[in-house]
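K.L.:
There's a structure below that I have some questions on.
The values are calculated or read from the model by the stated rules, or taken from the named source; none is laboratory data. Please read all numbers here as calculations on a predicted model, not as lab measurements. Reconstructed Cβ throughout: ideal geometry from the backbone, glycine too, with neighbour counts over all protein chains shown. In case anyone asks, the SASA skips ligands and DNA or RNA and just uses the protein heavy atoms, side chains included. Shrake-Rupley method; radii C 1.70, N 1.55, O 1.52, S 1.80 Å.
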Amino acid sequence: MRTPPRGEPLSSPKVTILHIHAIMKFAEFARICEEIEGISGRLEMTDAISRVISGLDEIDLPIFVQFVTGKIFPDWSPLKIGIGPNLLYDAITLIVDGTRSDVIGEINRRGDAGLAVQAILEQKKMSRRSSRGATIQTPLFSQELDLAGVYRNLEKIARQGGRASQQEKLSLIQSLFQNASPLEGRYLARLLMEDLRIGVGEGIIRDAIARAFSVDPRDVEHAYQARNDLGEVAMLARAGEKALREVRIMPFHPVKMMLAQQGTIPGAIEENGTVAAEYKYDGSRFQFHKAGEERRIYSRKLEDVTDALPDVLRVLGGATTHDVILDGEVIAVRDGKPLPFQTVLRRFRRKHGIEEMQKEVKVQPFVFDILYLDGETLIDLPLIERRARLLSVLSDHVAPQVVSGDPGEIERVYQESLAAGHEGLMVKVLSSPYTPGIRGKNWLKIKPSVDTLDLAVVGAEWGEGKRAHVFGSFLLACQDQGELTAVSKVATGFSDEQLAELHELLSDHVISESGKEIQLEPFLVFEVGYSEIQESPNYECGYALRFPRFIRARDDKGIADIETLDGIRERYLRQKK
Amino acid sequence: MLKATIDADILKESIDAISALVTECRLHTDENGLSTRAVDTANVAMVSLTLKKEAFSAFESTKGEIGLDIAKLKNIFGMMGKNDLISLELPEDGHKLKVSFEGYRYSITLLDPNTIRKDPNPPNIDLPGKVVLSGNDLYNSIKAAAVVSDKIALGIDAAQQLFFMAAEGDTDHIRREFGKSEVNFLNGIEARSLFSLDYLKDMGRVMGRADEVEVSLGIDHPAKFAFYIAGGQGYVEYLLAPRIEAD
């Protein structure tokens, strides 16, 4: 197959062929990804994608816009692909033999599973192979992969449950790679790892959708906030501005949670005058959905955690007769006192023994927002009106709120919150809409200054002495323009139990191992404390943490939520003042 | 509609032949018997099976298609005695297959055939080398090869008129040759292909029960294994894609 030079415009004749035949081949998708990967400018990238999607039919359009962001399923969907790097290695090893460690070696050399798979499929043999040639499993039928076929296959993989399904998953992955060209293999591997590495984020794809169908980007963004599904939004945009504007929130289709920025009480009042203040609870965020008798609870990462929280389900279900979507925080309590955040997570994570756990850890929900009421979407109403609706339909468990323009009064609520064992204060702008997934100035969090960072765990090292059988230290990374870059190691602050738990949790996510060093698939987030940020040549990002110590694992946060390099730079500059 | 009575051993043998490769299949029924054709998930091997109405002690059916969860059936039939008689019954447009034996009555929910991959067309390939040997000899060769390697070569040496299997491990290798006294050469022309033992081990267990298996081979081509079951009233064909040497 001819590979086009990087940066070749997408309007070249072979790509405009898309407009003629309806089915997008996976080879075309891979070629488009490769071209986008070669584009550095955001505008040029948006333009290129918009030209492709304007020609797609109703089957390929939703799949393409979803895939090109490197995610297989929309965030709200209960379907998760659940493939670790190990399963990918196994599948590749089945197709091109050579020992498993050769495949891993190739991946280590290239630093990217996509490029490694491409190279393996290109050479059709491993570079460290002895004189005896490697063999390749041929398929019984060779068939060209198309985009929709790949999607169906991935959906099948996601629907496989339980341990016995590993073999079936492996065979499904094998069948995909067996029919893939080297370039297809590169993007297939990255897609399976849900990291396409072509730099297309949600913002770019939203702008590209708006441009492709000549609709207002703000309408696209709004519809995306409500539906949380790029494919669906693309289809609405294709149907026209009217369809896009009529978008509704639906029960059991969770929306992203609105997020808060750091702020101060005087600053908030200076800018907004009268504000609403609520306790900042040190618990776990949840979204409660109810329609008729059906009720479900979703976590901050929009995972269905209904089964782990039967008590919350019961009390909230009993507090309203309406169909609602509520936003709140659930905290653990003992004798009326809040327990540390970690305790709540033990409940969220629970899959077995929920009944005993219910007795051990009592949880209490506090609801502070309402997004949907009896068929009506409320996110565009100002906070003050949403609050009124919330109070009128929920008889209990509404988080107390104080509305005031007096800094002294707000400060008093803040101190009261801390005295009661909560984390701090949330200050909200009364006229603000609910903006799902957006961290803006309409919600401000105020906490005593503790210097902690949320960072991704990307590596580990085996411990020593009595810790020799577990990981003893961890390599942590922040994010910079979608890439992870290492910033610190952390080896203190762990109990032996925590290290054992972390080892068990992480051992399925080992990408490679050389000597004592382990490279890990990034998925786990640590909150770490530190005394100071220093400039350092030891890490690629140019900074390092002084006295890093482990505070807790943030199971409620994903890689997208970790600290940015810009944020670290800002903290560094601030501490110099 | 399907109403049939069959010997437990024959039914088990048929289910085993299919379950060696797939966990579900589309089963076609008509007045002459049953048939299915299915490809494994990884697209490497195919099974075709026909069971004539003569294989049953009683058989009555209209033309139809049903979706079978083979893995589930295998579990259920695992507990049957060898010489039981089993009766199968599916009403017209029914979604549950009634199976009874030894006083047990099962009602087995069928799969929607549309959710199962369509019957593949057999690939159009010419496999000129043909030999017939005992299923037992074939299975023993496969087992022997599996001890040293995860791949096996099957071939015909035309000059010597030998059918051979060979397996090469990292340190050990094994070779077994069959001459005219053990193998019937239907067409003894030169052939050699390499196959994954992952597949052959499961297929071999089924083939080991056949008196004779007809093996068709080419050079770096799939292999076809054909044999009778159910005392000649059933017929199974396996097709397996080769591994080829990379260069």
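K.L.:
Roughly how many debye, to the nearest 20, is the charge dipole of the protein assembly as shown about its Cα centre, given +1 on each Lys and Arg Cβ, -1 on each Asp and Glu Cβ, and no other charges?
P.N.:
With only Lys, Arg, Asp and Glu charged at Cβ, the dipole is about 740 debye.
K.L.:
On each of the three principal axes of the Cα atoms of chain B, give max minus min coordinate, whole Å, ordered largest first.
P.N.:
Computed over the Cα atoms, the extents are 57, 36, 32 Å.
K.L.:
Can I ask one more? Could you size up the charge dipole of region A:139-224 around its Cα centre, putting +1 on the beta carbon of Lys and Arg and -1 on that of Asp and Glu, and report it in debye to the nearest 20?
P.N.:
Roughly 340 debye, rounded to the nearest 20.
K.L.:
Would you please give the residues with an amide H less than 5 Å from that of A:G472, counting only those at least 5 places away or on a separate chain, with H modeled from the backbone geometry?
P.N.:
Here the answer is A:E461, A:W462, A:G463, since their amide H atoms fall under 5 Å of that of A:G472.
K.L.:
Provide the per-residue ³J(HN,Hα) series for region B:134-143, in order, calculated from phi with Karplus coefficients 6.51, -1.76, 1.60 and θ = phi - 60°, each as a whole number of Hz, with x at glycine and proline positions.
P.N.:
Karplus-based 3J(HN,Hα) across region B:134-143 equals 6, x, 5, 4, 5, 5, 4, 4, 4, 4 Hz.
K.L.:
Contact order normalised by length for region B:1-120, with contacts defined as Cα pairs under 8 Å and 6 or more residues apart; what percent is it?
P.N.:
Normalised by residue count, the contact order of region B:1-120 is 34 percent.
K.L.:
Pairs B:K82/B:K143; A:K71/A:K301; A:K169/B:K74: which exceed 19 Å Cα-Cα?
P.N.:
B:K82/B:K143; A:K169/B:K74
K.L.:
Turning to a different aspect of this structure: Please average, across the residues of B:40-52, the number of beta carbons from any other chain that are within 10 Å of each residue's own beta carbon, and give a whole number.
P.N.:
Averaged over the peptide's residues, the number is 5.
K.L.:
Net charge near B:N114: determine it from the other residues with C-beta under 15 Å of the C-beta of B:N114, scoring Lys and Arg +1 and Asp and Glu -1.
P.N.:
Net charge in that neighbourhood comes out at -1.
K.L.:
Please list A:M426, B:M1, A:M258 from largest to smallest accessible area, probe radius 1.4 Å, with all protein chains kept in place.
P.N.:
The ordering from most to least exposed comes out as B:M1, A:M426, A:M258.
K.L.:
Normalised by the residues of region B:100-219, what does the relative contact order come to in percent, with Cα pairs under 8 Å and at least six apart?
P.N.:
Dividing the mean separation by the residue count of region B:100-219 yields 35 percent.
K.L.:
Let me ask another. In degrees from 0 to 90, rounded to the nearest 10, what is the angle of the helix A:100-110 Cα long axis to the longest principal axis of chain A?
P.N.:
Roughly 70 degrees, rounded to the nearest 10.
K.L.:
In addition: How much accessible area does A:D480 have with a 1.4 Å probe, in Å² rounded to the nearest 10?
P.N.:
The accessible area comes out at roughly 50 Å².
K.L.:
Further, regarding this structure: Give the accessible surface of region B:159-215 per residue, rounded to a whole number of Å², with probe radius 1.4 Å and ligands, DNA and RNA excluded.
P.N.:
Value returned for region B:159-215: 55 Å² of accessible area per residue.
K.L.:
Right, something else. Using all alpha carbons of region A:222-373, what is the percent of pairwise distances in each 5 Å bin, ordered from the shortest bin to the longest?
P.N.:
2, 8, 16, 17, 16, 15, 12, 8, 4, 2, 0, 0
K.L.:
May I pose another question? Under 19 Å from the Cα of B:K52, which lysines turn up, not counting those fewer than eight places away in the same chain?
P.N.:
Reachable lysines: B:K3, B:K12, B:K63.
K.L.:
Additional query: So what J values fall out for region A:66-79 if you push phi through Karplus, 6.51 cos²θ - 1.76 cosθ + 1.60 with θ = phi - 60°, rounded to Hz, Gly and Pro as x?
P.N.:
6, 4, 5, 8, x, 10, 7, 10, x, 4, 6, 5, x, 6
K.L.:
Based on Cβ point charges of +1 for Lys and Arg and -1 for Asp and Glu, what charge dipole magnitude is obtained for chain B about its Cα centre, in debye rounded to the nearest 20?
P.N.:
Around 380 debye, computed over chain B.
K.L.:
With a ≥ b ≥ c taken as the square roots of the eigenvalues of the C-alpha gyration tensor of region B:60-138, please select rounded if a/c is under 1.5 and otherwise prolate if a/b is larger than b/c or oblate if it is not?
P.N.:
oblate
K.L.:
Counting each DSSP H run of 4 or more residues in the protein assembly as shown as -39500 (n - 2.57), what helix-only mean residue ellipticity at 222 nm follows after dividing by all residues, to the nearest 500 deg cm²/dmol?
P.N.:
Result for the protein assembly as shown, helices only: -9500 deg cm²/dmol.
K.L.:
Just want the answer: with Cβ charges of +1 for Lys and Arg and -1 for Asp and Glu, which residue in A:Q160, A:A486, B:P113 is farthest toward the dipole's positive end in the protein assembly as shown?
P.N.:
About the Cα centre, the residue reaching furthest to the positive side is A:A486.
K.L.:
Ignoring everything but the protein chains, give the 1.4 Å probe accessible area of B:E54 in square angstrom, nearest 10.
P.N.:
Only protein atoms counted, so the area is about 110 Å².
K.L.:
Then there's this: How long are the semi-axes of the equivalent ellipsoid of region A:458-576, taking √(5λ) for every eigenvalue λ of the Cα gyration tensor, in whole Å from largest down?
P.N.:
They are 24, 15, 14 Å, listed from largest to smallest.
K.L.:
For region B:111-227, what is the Kirkwood hydrodynamic radius in Å, using each pair of distinct C-alpha atoms?
P.N.:
When all Cα pairs of region B:111-227 are included, the Kirkwood radius is 14.9 Å.
K.L.:
Per residue, how many Å² of accessible area does region A:443-577 show with a 1.4 Å probe?
P.N.:
Accessible surface, normalised per residue, equals 51 Å².
K.L.:
Check each of the trypsin sites (Lys or Arg not before Pro) in region B:45-90 and keep only those in coil by DSSP with at most 11 other C-beta atoms within 10 angstrom; list them in order.
P.N.:
Answer in residue order: B:K63, B:K82.
K.L.:
Count the net charge of all other residues whose Cβ sits under 15 Å from the Cβ of B:D211, scoring Lys and Arg as +1 and Asp and Glu as -1.
P.N.:
Net local charge, B:D211 excluded: -4.
K.L.:
For region B:216-247, state which residues have at least 50 Å² less accessible area in the presence of all protein chains than in their chain by itself, taking the probe as 1.4 Å and leaving out ligands, DNA and RNA.
P.N.:
B:R243, B:I244, B:A246
K.L.:
Per-residue HN-Hα couplings for region A:487-502, Karplus 6.51 cos²θ - 1.76 cosθ + 1.60 at θ = phi - 60°, whole Hz, x for Gly and Pro?
P.N.:
Residue by residue, region A:487-502 yields 9, 6, 10, 9, 9, 10, x, 9, 8, 4, 5, 4, 5, 5, 4, 5 Hz.
K.L.:
If region B:1-43 were replaced by its equivalent ellipsoid, with semi-axes equal to the square roots of 5 times the Cα gyration tensor eigenvalues, what would those be, largest first, whole Å?
P.N.:
One finds semi-axes of 21, 14, 7 Å for region B:1-43.
K.L.:
In whole percent, and with a 1.4 Å probe on the protein chains, what portion of the accessible area of chain B is carbon and sulfur?
P.N.:
46
K.L.:
In Å³ and rounded to a whole number, note down the convex hull volume per residue for the Cα atoms of region A:148-275.
P.N.:
198
K.L.:
Here is a further query. Ignoring ligands and nucleic acids, what accessible area does B:S35 show with a 1.4 Å probe (Å², nearest 10)?
P.N.:
Probe radius 1.4 Å; accessible area of B:S35 about 40 Å².
K.L.:
At 10 °C and a viscosity of 1.306 mPa s, what translational diffusion coefficient does Stokes-Einstein give for region A:149-196, taking Rh as the Kirkwood radius over Cα pairs? Give it in µm²/s as a whole number.
P.N.:
143
K.L.:
Follow-up. Carbon and sulfur atoms: what percent of the 1.4 Å accessible area of region A:190-255 do they account for?
P.N.:
46
K.L.:
Could you rank B:S87, A:S404 by how accessible they are, 1.4 Å probe, largest area first?
P.N.:
So, going from the largest accessible area down, we get B:S87, A:S404.
K.L.:
Now for a separate question. Any idea what the relative contact order of chain A is, in percent, if you count C-alpha pairs under 8 Å spaced at least 6 apart?
P.N.:
It comes to 12 percent, rounded to a whole number.
K.L.:
Now for a different question. Which distance in Å, rounded to a whole number, links the C-alpha centroids of region B:186-232 and region A:77-91?
P.N.:
Taking the Cα centre of each part, region B:186-232 and region A:77-91 sit 34 Å apart.
K.L.:
Net charge near A:T452: determine it from the other residues with C-beta under 14 Å of the C-beta of A:T452, scoring Lys and Arg +1 and Asp and Glu -1.
P.N.:
0
K.L.:
On to the next question. Ordering B:R176, B:R105, A:R314 by accessible area with a probe of 1.4 Å, largest first, what comes out?
P.N.:
Sorted descending by solvent-accessible area, the residues read B:R105, A:R314, B:R176.
K.L.:
Sticking with this one: For the protein assembly as shown, would you read off the P(r) tail past 35 Å as a percentage of all alpha carbon pairs?
P.N.:
When all Cα pairs of the protein assembly as shown are counted, 60 percent exceed 35 Å.
K.L.:
Also: At the nearest 100 Å², what buried accessible area, both sides summed, do you get for A and B when the probe is 1.4 Å?
P.N.:
2000
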